Amino acid sequence: MNGTTNKVILIGNLGDDVKLHHFDEQNCIGRFPIATTESYISRTGERITETEWHNITTRNKLAELCERYLKKGDKVFVEGRIKTRKWDDNGQTRYTTEIVANSIEFLTPKTDSDQRPTTNQPEQVNKETNVAPTPMDEGEDDLPF
């Protein structure tokens, strides 16, 4: 293999809301942490759970979409690359490692209250009965499972 690859794929939950930083009229950066958790059983039979935190960075349109639709606790699929930044803070060299995301899929399904139509969108109406659809109760489906 001649080339190199810097690719990261993560599925995790947001640890905080997306923070959006505009640095000119057209460009912005969104930052948020996600947590990935791994559980296993040790040799002693004890269940061990390890959580790893990842700092995610997005840019421009993707950052604006994340800020608009994501909130703390939501599950996401992130694809991107690892980047380490270095800066000097009062004579002390500091480092941070982050994931620069180029693709994010929102995995948390939104409830009906989150998907209410805005004031400029008409509410969906059933054409036959001319009434708005209502959510089904838990026990009303005819599925065998």
- In Å, the Kirkwood hydrodynamic radius from C-alpha pairs for the stretch 8-113 sits at 15.3
- Message: Using amide H atoms built in the peptide plane, which far-off residues or other-chain residues are under 5 Å from residue 102 H to H?
- Response: 79, 80, 81
- Item | Residue-by-residue Karplus 3J(HN,Hα) for the stretch 28-34, coefficients 6.51, -1.76, 1.60, Hz, glycine and proline x | 8, 10, x, 10, 7, x, 10
- Query: Sorted by mean Cβ packing within 10 Å, highest first, what order do the peptides 32-45, 10-23 take?
  - Reply: 10-23, 32-45
- Message: Quick one: 3J(HN,Hα) in Hz for the stretch 90-105, Karplus 6.51/-1.76/1.60 with θ = phi - 60°, rounded, Gly and Pro as x.
- Response: 6, x, 10, 7, 10, 10, 9, 10, 9, 9, 8, 7, 10, 8, 9, 10
- Item | Cα convex hull of the stretch 1-62 - mean projected area over all directions, nm² | 7.5
- Query: Hey, with R₀ at 35 Å, roughly what FRET efficiency would residue 40 and residue 90 work out to, going by the Cβ-Cβ distance, to 0.05?
  - Reply: 0.25
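Every read-out reported here was derived from the displayed coordinates using simple, explicitly stated rules and does not represent laboratory data. Note that the coordinates shown come from a computational prediction; the quantities given were computed from them, not determined experimentally. Note that each Cβ is placed from the backbone with ideal geometry, even for glycine, and that neighbours are counted across all protein chains shown.
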